[in-house]
Amino acid sequence: MGNTAPQPVPERIRRARMPRPERERQMLEVAGRSFAERGFHAVSMDEIAARAGISKPMLYQYFGSKEGLYVAFVRQQGAALLAAMRSATAPGAPPAEALRAGTLAFLGYVDEHRPGWELLYREAANQGGPLAAEIAALHARIAAIVDRLFAAVAGDDSGCRTEALAHAFVGAGESVANWWLEHPEEPRDQVAGLLVRLARGALPELA
């Protein structure tokens, strides 16, 4: 009986002990990088499993199919984008301030998560099926956030006017974000200011 040094835990056992949420995040991170690098159709589940250091059956156990894995990644990225926008300003901030802060947060996500953005709004939207439906649902949730800001300054009788403007604003934001990625020399705050000015032109009450 001596003071025997503890032996290291084998890697395969450490992997087995990883909590499910952590493992799922790991698999989605690897899958996202793979999809962004080579596209949905070019990437195989064997490749993703090898890069993640797990078995292919485990991928299928978690996500069901390659499309299910892709949808899960898109959903994860969409949730991260919404969380960033919602936490950008304190509750009760003036609508114009909240709009600018949310727009900055949106552009910040695009800048800091380029692979996720590429998949969200360039490749996944063109796939059709569940992927396109997931993108459409995310677009609608972002538009609902913007609509509440617009309605807060336009009044309760604004009706569908602010809803339509919100969808137009979100569509413009997506297009401007794609443009901005090709013109990184433009400061983020100036790009955000441009979008806010567009909103004020359509809804003068924001000024």
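The values are calculated or read from the model by the stated rules, or taken from the named source; none is laboratory data. Keep in mind it's a predicted model, so treat the numbers as computed, not measured. Neighbour counts are summed over all protein chains in view; Cβ atoms, including those assigned to glycine, are modelled from backbone coordinates with ideal geometry. Surface areas here come from the heavy atoms of the whole protein model, side chains and all, with no ligands, DNA or RNA. Shrake-Rupley method; radii C 1.70, N 1.55, O 1.52, S 1.80 Å.
Would you call Ala31 within 24 Å of Gly129 (Cα to Cα), modelled with pLDDT of 90 or more and buried (at least 20 other Cβ atoms within 10 Å of the Cβ)? In short, yes.
The requirement of being at pLDDT below 95, in contact with a Ser or Thr (Cβ under 7 Å, 6 or more places away or on another chain) and either closer than 28 Å to Leu181 by Cα or of a type in the set (Ser, Thr, Tyr) (or both) is not satisfied by Val74. For Val9, the conditions (1) at pLDDT 90 or above; (2) open to solvent by less than 60 Å² (accessible area, probe 1.4 Å) all hold with the exception of (1). Summed over the stretch 159-190, the residues that are among the aliphatic types (A, V, I, L, M) and over 20 Å from Gly116 (Cα atoms) give a count of 4. Taking residues in the stretch 127-149 that are closer than 18 Å to Gly102 by Cβ and touching a residue at least 24 places away in the same chain (Cβ under 8 Å), and partners anywhere that are part of a helix (DSSP H, G or I) and open to solvent by 40 Å² or more (accessible area, probe 1.4 Å), the pairs with Cβ atoms closer than 7 Å and at least 6 places apart or on different chains are Ala143/His167.
Among residues that are open to solvent by 10 Å² or more (accessible area, probe 1.4 Å), modelled with pLDDT under 90 and farther than 16 Å from Gly171 by Cα, Pro57 is not included. Scan the stretch 73-81 and tell me whether some residue there is open to solvent by 50 Å² or more (accessible area, probe 1.4 Å) and either of a type in the set (Ser, Thr, Tyr) or closer than 21 Å to Ala151 by Cα (or both). The answer is no; no qualifying residue exists. Against the conditions (1) closer than 17 Å to Ala72 by Cβ; (2) open to solvent by 80 Å² or more (accessible area, probe 1.4 Å); (3) among the charged types (D, E, K, R), Glu24 satisfies every one except (2). A count restricted to the stretch 169-207 and to residues that are hydrophobic (A, V, I, L, M, F, W, C) and closer than 15 Å to Val110 by Cβ stands at 11. Scoring Ala96 on the criteria (1) surrounded by fewer than 16 Cβ atoms within 10 Å (Cβ to Cβ); (2) under 25 Å from Arg197 (Cβ atoms) leaves a single failure, condition (1).
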